[in-house]
Amino acid sequence: MPASPRTARAINDRLALRLLLQEPLTAGQLKERTGLSRPTVADLVERLQDAGLIQVVGEAGAERRGPNAKLYGIVADIAHLAALDVRTMGVSVVVSDLLGTVLAEASLPIDETSGTQIAVERAVALLDETVRSAGVAELHSVGIGAPGLIDPASGELRDSSGLPAWHRRLVAALQKERPATVLVENETNLAAVAERRSGAGRDRDTFVLLWLGHGVGAAVLLDGRLRRGASGGAGELGFLPVPGTSGLPSAVDCAGGFHALASSAAIVRLAAECGVSGPDEAGAGPAGEGVVRAAVEALAEPHSPRGKAAAGFLDTLADRVALAVAATAAVLDPGCVVLGGEIGCAGGPALARRVEERVAALSPLHTEVRAGELGGGAVLRGALLAAQEAAQEALFPSES
């Protein structure tokens, strides 16, 4: 059954808007990229201008004048967005326009010992202050990345043992008190979305992101779609039983699982055993990031005691990480695993190459292993992408 004129217009409008999200275009360029006729594009441009969705943002070149040279772009301030990266010990916030241009950002450590309600109030105050500093009156959409499980039915952050209570309270407070659309997603899933958009997975529709940070986890993208699992727990690799631990994990404690081998604390202990030390001053990220980065830098001195210790440390760490990658390959056969998070990014190609070599010896399934490019910042970037998508869906013409 052919589409009605209204539906056809909406489809054409959304196609043009998606293209204009990438870069400003002239009417002629829109015609070329959409395959629509010149009159249809002219009507489309006029319609989107009247709706306040696009505007003239410049000209294609000084040598071209007149209507055909006008560059059209999205009206960026038609909606403002916020993204939050909620971690165990703090929160980071960014505020942007519809195109993702950052207008303000801030972060704050949060100590829950002062009480859950105070922790929630401090996080909410940080968001409000950041919005004010951006000169924004109202937010359209808010994306939140948080550790823990997201209920696939309700979209809410579930209670999780070992995670601060203020996480769940914060999400609920923002959803209740803000007129904005508030979305929450597992932090590792958002990191994978960001790595696919502008990081190590940009050329892949199918891959697994193995998060190496304070804790461990994984995100599964198959055919370009996140796969969360029946209960939202796909990728909870911290609970994966592996050799080399003192026991087995339980339903409420991942201490005997892969977490015991590859969490930040475990990596710091391994580094000490191998004679590798991190920077004198701790950074903002997990301590494991510093020791892994220091080890990679020490590889430049392969014949020195420092370089030899670093190589031994990275070899042993790769042995551990390869266990999770090989298990993932055996179940999903993704063809590619990205080592994400602060520690995966710090390990870079040196760690990724070692892991890939060991996986090749463990599994008959070829699995490329890449270093993440976005590090810990991937969560905030993924949360902003989620907020952008929500705003675009609400503002752009509906096909129904």
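For this structure, a couple of remarks:
- Most positive-pole-ward Cα, ALA51, SER107, ALA79, against dipole of region 1-115 from beta carbon charges: ALA51
- Positive-end residue, the chain charge dipole about Cα centroid, Cβ charges, pick of HIS366, PRO349, ALA386: HIS366
- Put simply, when 86-92, 141-147 are sorted by average Cβ atoms within 10 angstrom per residue, most first, you get 141-147, 86-92.
- Helix 5-22 vs. the chain, principal-axis angle (Cα, 0 to 90°, nearest 10): 50 degrees
- Think of each Lys and Arg Cβ as +1 and each Asp and Glu Cβ as -1; about the Cα centre, that makes the dipole of region 104-185 roughly 100 debye.
- Residue among ALA60, LEU21, THR34 farthest towards the positive dipole end of region 5-74, charges placed on Cβ: THR34
- Surface per residue (accessible, 1.4 Å probe) for the chain, Å²: 47 Å²
- In terms of Cα atoms, the Rg and Dmax of the chain work out to 23.6, 74 Å.
- Taking other residues whose beta carbon is less than 15 angstrom from the beta carbon of VAL95, and scoring Lys, Arg as +1 and Asp, Glu as -1, yields -4.
- With Cα atoms, 0 to 90° folded angle of helix 377-395 axis to the chain main axis: 30 degrees
- Rg/Rg_ref, region 5-74, where Rg_ref = 2.2 N^0.38 Å and atoms are Cα: 1.03
- Per residue, the chain reaches -14500 deg cm²/dmol at 222 nm when only DSSP H runs of four or more residues are counted, each adding -39500 (n - 2.57).
- Here region 176-295 is assigned +1 on the Cβ of each Lys and Arg and -1 on the Cβ of each Asp and Glu. Its dipole about the Cα centre then comes out at about 400 debye.
- Radius 13 Å from Cβ of LEU21, net charge of other residues (Lys, Arg +1; Asp, Glu -1): -1
- Whole-number percent relative contact order across the chain, with pairs defined as alpha carbons under 8 Å at least 6 apart: 16 percent
- In the chain, the longest principal axis of the Cα atoms and the axis of helix 165-177 are about 10 degrees apart.
- Karplus 3J(HN,Hα) series, Hz, for region 99-112 with 6.51 cos²θ - 1.76 cosθ + 1.60 (x for Gly, Pro): 8, x, 5, 6, 9, 6, 8, 6, 9, 8, x, 10, 9, 6
- The charge dipole of the chain, taken about its Cα centre with unit charges on the Cβ of Lys, Arg, Asp and Glu (plus for the first two, minus for the last two), comes to roughly 780 debye.
- Cα Rg, Dmax, region 318-374, angstrom units: 10.2, 30
- Cα-based radius of gyration of region 343-400 once divided by 2.2 N^0.38 Å, which approximates compact folds: 1.77
- Max mean-square fluctuation residue, GNM over the chain, Cα-Cα springs under 10 Å, options GLY335, GLY290, GLY217: GLY335
The values are calculated or read from the model by the stated rules, or taken from the named source; none is laboratory data. Predicted model, so just to flag it, every value in this text is computed and none were measured. For neighbour counting, all protein chains shown are included, and Cβ atoms are generated from backbone atoms with ideal geometry for every residue, glycine included. In case anyone asks, the SASA skips ligands and DNA or RNA and just uses the protein heavy atoms, side chains included. Shrake-Rupley method; radii C 1.70, N 1.55, O 1.52, S 1.80 Å.
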